[in-house]
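The values are calculated or read from the model by the stated rules, or taken from the named source; none is laboratory data. As the structure is a computational prediction, the values presented were derived from the model and not from experiment. All Cβ positions, glycine included, derive from the backbone under ideal geometry; neighbour counts span all protein chains shown.
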Amino acid sequence: MVDQFDVIEAGQRGRRRWIGIGVVLALLAICVVSLLASRDPEPGQVPLPSAVPVPGPIRSLTRIEGAPNVVRAPAKVKGGDEVIPVVFPDGRHADVRYPAVLRLNELGARPFVGAWVAGHYRGLYAPYGGEMEISRGGLPIRNLTPNVTLWPRLPGGGPNGQVLMFAFGKWRLAMNDLPEGLTFEERLAAAKSLRGKVGKDGYLVLSGSGDAIRLAEPGETARGDPVGPQLWFGGGVGDMVALIPTPDCQKAARTPSAVDGRGRPAQVVCRGDVQIAASGSRYFIEHAIAGIRITLK
């Protein structure tokens, strides 16, 4: 009996030993497979996508910024002042002299001019944030022409409707429509009729062809606003100056809503036939109103 028990016990221990060895080998095989799977792919191989996506940078949901849609003219130093050459959107040239502390050339200039499309007034302006200020990272509703797109109404745009955006070289111009809006045919005619030429100095000169669109001339107003050709320096949430050629300025000057409606202090002065409207810090306004001089050519 003792011998039989010993034989049975010995057989069970043998089977257990082989089972243990099998378990160890299986574990080793799993480790080898894991190591091979984790190696970098050989050249020419395409790695399989991860089951868990790697998060990218988080974009702000409330503020989308773009590169400033401006031209910065080289400044010449004269005493404590600087002088820059400018070109208004109707093609008129001028020299602007200002206290160097204003840094107008660094703020950069952008064009504005009013327009009448099929008898309806609309403003043409260069958004300070460029295309991103209008697109908000989205897609246009449609392309009207190769350089003109239609965009949805901007959030917080007040009474404004959809937006036509014109591309002339590096420049982006926006035309805010009203809720009732222009007809498709009127929008298309305006898109085809507005012309823009970028000079070697980087300034944009605009013109209208045909009867579909008429650009405002110096001194014209609409809804109480001066809408003739203008140059705006700065903008966004910072300091801003608008230069507005205005014949008989002392009698015809009107504070533009683009400057007066920013929720910051604003002041206006006439220098000959040019209106100067400044908004921002009181220090900036004081030096702008007292120190800017314009020589029209």
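Here are some notes:
- Residue within the range 107-116 that is within 15 Å of the chain's Cα centre (by Cα), small (Gly, Ala, Ser) and more than 26 Å from residue 274 (Cα to Cα) present: no
- Residue in the range 134-146 that is in contact with a Gly (Cβ under 8 Å, 6 or more places away or on another chain) and of a type in the set (A, V, I, L, M, F, W, C) present: no
- Contacts under 7 angstrom Cβ, first residue in the range 69-87 being among the small types (Gly, Ala, Ser), partner in a loop (DSSP other than H, G, I, E, B), 6 or more apart: 73/201
- Among the residues of the range 222-239, those identified as part of a strand (DSSP E or B) and either more than 19 Å from residue 98 (Cβ to Cβ) or modelled with pLDDT of 95 or more (or both) are 222, 225, 226, 230, 231, 232, 233.
- Taking the listed residues 110, 122, the one that is within 22 Å of residue 285 (Cβ to Cβ) and assigned to a strand (DSSP E or B) is 110, with no other qualifying.
Condition check ((1) among the acidic types (Asp, Glu); (2) touching a residue at least 24 places away in the same chain (Cβ under 8 Å); (3) under 24 Å from residue 86 (Cβ atoms)) across all residues:
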| position | (1), (2), (3) |
| --- | --- |
| 162 | no, no, no |
| 170 | no, yes, yes |
| 184 | no, no, no |
| 195 | no, no, yes |
| 203 | no, yes, yes |
| 214 | no, yes, yes |
| 226 | no, yes, yes |
| 235 | no, yes, yes |
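- Residue count for the range 96-124, restricted to those that are touching a residue at least 24 places away in the same chain (Cβ under 8 Å) and more than 30 Å from residue 80 (Cβ to Cβ): 11
- For first residues located in the range 259-284 and assigned to a strand (DSSP E or B), partners that are among the basic types (Lys, Arg) and modelled with pLDDT of 95 or more and lie 6+ apart or on another chain with Cβ distances below 8 Å form the pairs 271/293.
- Some residue of the range 181-196 being part of a strand (DSSP E or B) and closer than 21 Å to residue 96 by Cα: no
- Residue count, the range 119-158 (criterion: of a type in the set (A, V, I, L, M), within 21 Å of residue 186 (Cα to Cα) and exposed (fewer than 15 other Cβ atoms within 10 Å of the Cβ)): 1
- Count of the range 152-180 residues, restricted to those that are part of a strand (DSSP E or B) and not basic (Lys, Arg), is 11.
- Of the numbered criteria (1) under 15 Å from the mean Cα position of the chain (by Cα); (2) without any contact (Cβ under 8 Å) to a residue 40 or more places away in the chain, the one residue 150 fails is (1).
Here's the yes/no breakdown for (1) β-branched (Val, Ile, Thr); (2) touching a His at 6+ places or on another chain (Cβ under 6 Å); (3) surrounded by 18 or more Cβ atoms within 10 Å (Cβ to Cβ); (4) at pLDDT below 95:
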| residue | (1), (2), (3), (4) |
| --- | --- |
| 255 | yes, no, yes, yes |
| 259 | yes, no, yes, yes |
| 272 | no, no, no, yes |
| 288 | no, no, yes, no |
| 291 | no, no, no, no |
